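A short worksheet on the structure shown next.
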Amino acid sequence: MWCLHIPVADRTPFTDLLKIVERTVRSEHQRSPNRPIYLVGESLGACLALAVAALNPDIDLVLILANPATSFRRSSLQLLTPLLEALPNPLSPGLPNILRSTEGESLRMLLDNVVQGLPLQNTAGELVKDFTTFSLSLPVLADILPKETLVWKLKMLKSASAYAHSRLYAIKAQTLILCSGNDQLLPSQQEGERLLKLLPKSKCQLRKFDDSGHFLFLEDSIDLVTIIKGTSYYRRGKYHDYASDFIPPTLDEAKNIIESNSLFNLIASAVMLSTLEDGTLVKGLAGIPSEGPVLFVGYHMLLGLEKIPLVSRIFLERNILLRGVAHPMMFMRSKNGRLPDLSSFDKFRVMGAVPVAPTNLFKLFSSKSHVLLYPGGMREALHRKGEEYKLFWPEQSEFVRMAARFGAKIVPFGAVGEDDLGEVVFDYDDLVKIPYFRSEIESLTNEATQLRSDAGGEVANQPVHMPLILPKVPGRFYYYFGKPLEMEGRKQELRDRKKAHEIYLQVKSEVERCIAYLKVKRESDPYRGIGPRLLYQATHGFESEVPTFEI
């Protein structure tokens, strides 16, 4: 890792700084020609990164740009140069105290007094708000940066912005743009949107931080490594590999993601049942195999709501990370449009989700992972009215022989509770009859990568739409993990497609049995409703486990 530091008294022009960085990049490329080089730049540093990428299209670069100063010419910041030149030299002795002020209004009043009587009063008045933010971000600015240095920095920003902007057309590098919504120095979010249109579309993504200021990397809530992992920008080779390039979440990362869903997990108050190797049904997750590879195969609830408590509980209680095999639209788009922004799925990628593909399943089994698979896919998650708990699986087995090849255990499981959370009152069949909604569904479906286009039956019917759901007083989620099916030593046997299909039907039947069991048993749960659960937790503590039916 290299860090470029520019001393206070340094007056190296932008073009010479560019040569320094370029020389370092080329040296690293010669040492490791098959590995990408990451250039992380904030503000001026982002201009440097863009310029290096424009001059070196032959080198595999990944640019991480935070609030790039390519927007300098459209910012009020450029007007600070005449303001600083108009200030007395040296700067007012009282300015350090002003810059240490913490109250926004008092600082603004003091700055108003400072600029009184100076030339360009109108300009100075317009800049008070931006200068206030700038000052609060660097309370010791006047102590460490002489006026000449500030003027030089501003002129440097201007030249860097112009240089990088004039060469955007030549950039081929993969780029991630990070922009703040509360940047008072530069119009960063507008610039992020502009760069997204100018840089190669297939290699560029944008992430917005609406509450952050200009100095993004100085904020406690911003973790660059988590951002890179969540956007799938970490790679060792030419392309990102969702299996081999995956870095497991740290404990803090996982807990932050789980805590962001704490309200939903509280409402769901999931009941977990699992089956031991001898067939005994127990409360909790003791029956979940510790060693992989393990394949969890189950029913996809409406909108995939079951994933959140499922992944959370297994991670917290068993320290097992479930690698979900998910729809490709969570990772890529055929074109931009009205589907939720890719950033909506960053948390899933941090937690190990991969696009559904035989090669990814192969790699996950190779790494002895715990894998989560829903054969019903989007057709189950976007089911119609009256189709609750109905499985829409392909006719042919898709995972049995792969599991046998690696000796994986298959854990069939059922999940119920969606009908206690909401009810579909306006489904695909209703929406498609209305011209406006039919057009919307066609647009959304065209944006998403299509799956199972060669399949037949209902499982191939996967139009992207959002059904109208009538909320209910929340009930409870229930999970039942069946007895693990051992595939070890059955590789040769299950080469026979007929025998593999028998195992496939056995898994499907077991999922249906688990669902049927839960639907019956939940009727005897005295804490199925949210009211009794909240009352129990209020008297026993909100961290206490709420009882359920007897098994």
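The values are calculated or read from the model by the stated rules, or taken from the named source; none is laboratory data. On a predicted model such as this, the values are computed, not experimentally measured, just so you know. Backbone-built Cβ (ideal geometry, glycine too); neighbour counts: all protein chains shown. SASA here: full protein model, heavy atoms, side chains in, ligands and nucleic acids out. Shrake-Rupley method; radii C 1.70, N 1.55, O 1.52, S 1.80 Å.
Could you give the length gained on full extension between GLN190 and LEU266, defined as 0.36 nm per residue of separation minus the Cα-Cα distance, in nm? Don't skip to the end; give the middle numbers.
Details: separation 76, 0.36 × 76 = 27.36 nm, distance 3.80 nm.
Extending this stretch completely gives an extra 23.6 nm.
Computed over segment 1-90, the Cα gyration tensor eigenvalues convert (square root of 5λ each) into semi-axes of 31, 15, 10 Å, ordered from largest to smallest. Computed FRET efficiency, Cβ-Cβ of GLU440 and ASP211, R0 25 Å: what is it to the nearest 0.05? Efficiency at R0 = 25 Å is approximately 0.20.
When shorter helices are ignored and each DSSP H run of at least 4 residues is given -39500 (n - 2.57), the per-residue value for the chain at 222 nm works out to -12000 deg cm²/dmol.
Over every Cα atom in segment 163-219, the radius of gyration and the widest Cα-Cα span, Dmax, amount to 11.8, 32 Å.
Taking max minus min of the alpha-carbon positions on each principal axis, the chain gives extents of 84, 59, 50 Å, largest first.
Accessible area of PHE14 (1.4 Å probe, protein heavy atoms only, ligands and nucleic acids ignored): about 10 Å². For the chain, the Cβ-based charge dipole about the Cα centre amounts to some 1660 debye (Lys, Arg positive; Asp, Glu negative; other atoms uncharged).
For TRP393, TRP152, give the ranking by accessible area with the largest first, probe 1.4 Å. Could the numbers behind the result be given before it?
Numbers: TRP393 15, TRP152 70 Å².
Per-residue accessible area, sorted high to low, gives TRP152, TRP393.
Our coupling estimate for segment 396-403, obtained by passing each phi through the Karplus curve with A = 6.51, B = -1.76, C = 1.60 and θ = phi - 60°, is 9, 5, 10, 9, 5, 5, 5, 5 Hz, Gly and Pro reported as x.
The angle separating the long axis of helix 147-165 from the principal Cα axis of greatest extent in the chain is about 50 degrees. Take LYS472: with every protein chain present and a 1.4 Å probe, its accessible area is about 90 Å².
In summary, the lysines within cross-link reach of LYS483, defined as a Cα separation below 26 angstrom excluding same-chain residues under 8 places away, comprise LYS283, LYS307, LYS363, LYS368, LYS390, LYS409, LYS491, LYS498, LYS499, LYS508, LYS519, LYS521.
Once backbone amide H atoms are built at 1.01 Å from N, VAL271 has PHE477, TYR478, TYR479 as its partners under 5 Å, excluding neighbours fewer than 5 places away on the same chain.
Here the simple spin-label model places points 7 Å from the Cα toward Cβ, and for ARG23 and ARG236 these points are separated by 3.2 nm.
In order along segment 288-305, the Karplus-derived 3J(HN,Hα) couplings, from 6.51 cos²θ - 1.76 cosθ + 1.60 at θ = phi - 60°, round to 6, x, 7, 9, x, x, 10, 10, 8, 10, x, 8, 8, 5, 3, 6, x, 5 Hz, and Gly and Pro are given as x.
In order along segment 182-193, the Karplus-derived 3J(HN,Hα) couplings, from 6.51 cos²θ - 1.76 cosθ + 1.60 at θ = phi - 60°, round to 10, 7, 8, 9, 10, x, 5, 5, 5, 5, x, 5 Hz, and Gly and Pro are given as x. Taking all protein chains together and rolling a 1.4 Å probe, LYS283 ends up with roughly 100 Å² accessible. Other residues lying with their Cβ under 15 Å from the Cβ of LYS433 contribute a combined charge of -2, Lys and Arg counting +1, Asp and Glu -1. For ASP419 and LEU276, the FRET efficiency from 1/(1 + (r/R0)^6), where r spans their Cβ atoms and R0 equals 41 Å, is about 0.90.
Spatial offset of segment 476-519 relative to segment 1-44 amounts to 55 Å, using the alpha carbon center of each.
Stretching the chain fully between HIS5 and LEU168 yields a gain of 56.2 nm (0.36 nm per residue, less the alpha carbon separation).
With R₀ set to 56 Å, the beta-carbon distance separating THR12 from GLU545 gives a calculated FRET efficiency near 0.35. In the chain, the longest principal axis of the Cα atoms and the axis of helix 44-55 are about 80 degrees apart. Rounded, prolate or oblate: which fits segment 421-508, taking a ≥ b ≥ c as square roots of the Cα gyration tensor eigenvalues, rounded meaning a/c under 1.5, else prolate when a/b beats b/c? Since a/c reaches 1.5 but b/c is at least a/b, the shape of segment 421-508 is classed as oblate.
Across the chain, the relative contact order, built from alpha-carbon pairs under 8 Å that are at least six residues apart, equals 13 percent. Amide H contacts under 5 Å for GLY324: ALA353, VAL354, LEU372, restricted to partners 5 or more places along the chain or on a different chain, H placed in the peptide plane at 1.01 Å from N. Spin-label pair LYS255-SER202: with each label point 7 Å from Cα along the Cα-Cβ axis, the two points sit 4.3 nm from one another.
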